[in-house]
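In what follows, a structure is listed as structure tokens, so that the remarks can point back to it.
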Amino acid sequence: MTTMTQRTPTGTSAAPRAAKWAPLAVILCGTFVYVLDFFVVNVALPDIQRSLGASPAAILWVVAGYGLTSAAFLVCGARLGDHYGRRRLFCAGLAVFTVTSALCAAAPDSGFLIAARLAQGIGAAIMAPNVLSILGTTYTGSDRVRAISVYGMVMGIAAAGGQLLGGLLINANVAGLGWRAIFWVNVPVGIAALVVAPRLVSESRAGQGLCITPLTTTVLSHADPATAGSVAGALSTAQQVGNSIGVAVTGVLFFGALGHGYGVAFERSVLQMGALLLVVIALTRLMPGRRATA
């Protein structure tokens, strides 16, 4: 009696799996640099002030301007994506973000840097809500849950590691760039995502462009599909306003403790962010759950 064994090629499942998750990797490049630029600039402010001779008011605009324009144009970015195509607007926003990052890095004075940061925020606002819409239309079921988890993880890494990355880049002083390296780092990431996005990310319009983060899923669960894009944009705006306030509070603590040294300033900032995270976790536990239907 002869027994026939059939071997399955090891590479047959790897290729479809890579193709399935490639769009997520592309759009999360945009998410990473978008969130990163809320935080990475904080540790560079003293160097920027010395290098450009910026006033305290100008430094405040360098920090707040990005958050202001990114929050103000989020709803607009979401609706434009619903109408003209999410991938198209994601690429357009990322292109604006990448170009303005280069302009920030090359800024000759504080006024130029402020203008570039304001424009950078507009690019981020066009890009960010379409990341969420693409994620919602590309993945379903358990794949959507995994995509949401990775999305949240990337946002957390960018937020928590932003100031650390900024400090490392400034201390490394790559090619003598100093603080300018914190903006140059966005350029290769943006270019790489722009090159592969047309091939890996599918286009979509209208429909249900949801902002599907764990916090907002409960709020959006009963949203009308016809207006879900606008609802997602409004919720994203609220989130970014909160981000801006968080950056301001962290900045006050950081620079208030800077007289005691960078170590103490970082320690107090991390403790503040850790305490805030615990509060968020506690509040999340109080959110209403969805009961399973029989």
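Where a number appears in this text, it was derived from the coordinates with a stated rule and is not lab data. What you see is a predicted model, and the numbers here were worked out from it, not measured in a lab. Using ideal geometry, Cβ is built from the backbone for each residue, glycine included, and neighbour counts are taken over all protein chains shown.
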- Inter-site label distance for His83 and Val174 at 7 Å from Cα along Cβ, in nm: 3.9 nm
- Query: In nm, what is the difference between 0.36 nm times the number of residues separating Ile245 and Ala57 and their Cα-Cα distance?
  - Reply: 66.0 nm
- Item | Leu94, Leu132, Leu177, Leu45 arranged by Cβ crowding within 10 Å, fewest neighbours leading | Leu177, Leu45, Leu132, Leu94
- Measure off 7 Å from each Cα along the Cα-to-Cβ vector at Asp47 and Ala19, then give the distance between these two points in nanometres to one decimal. 4.4 nm
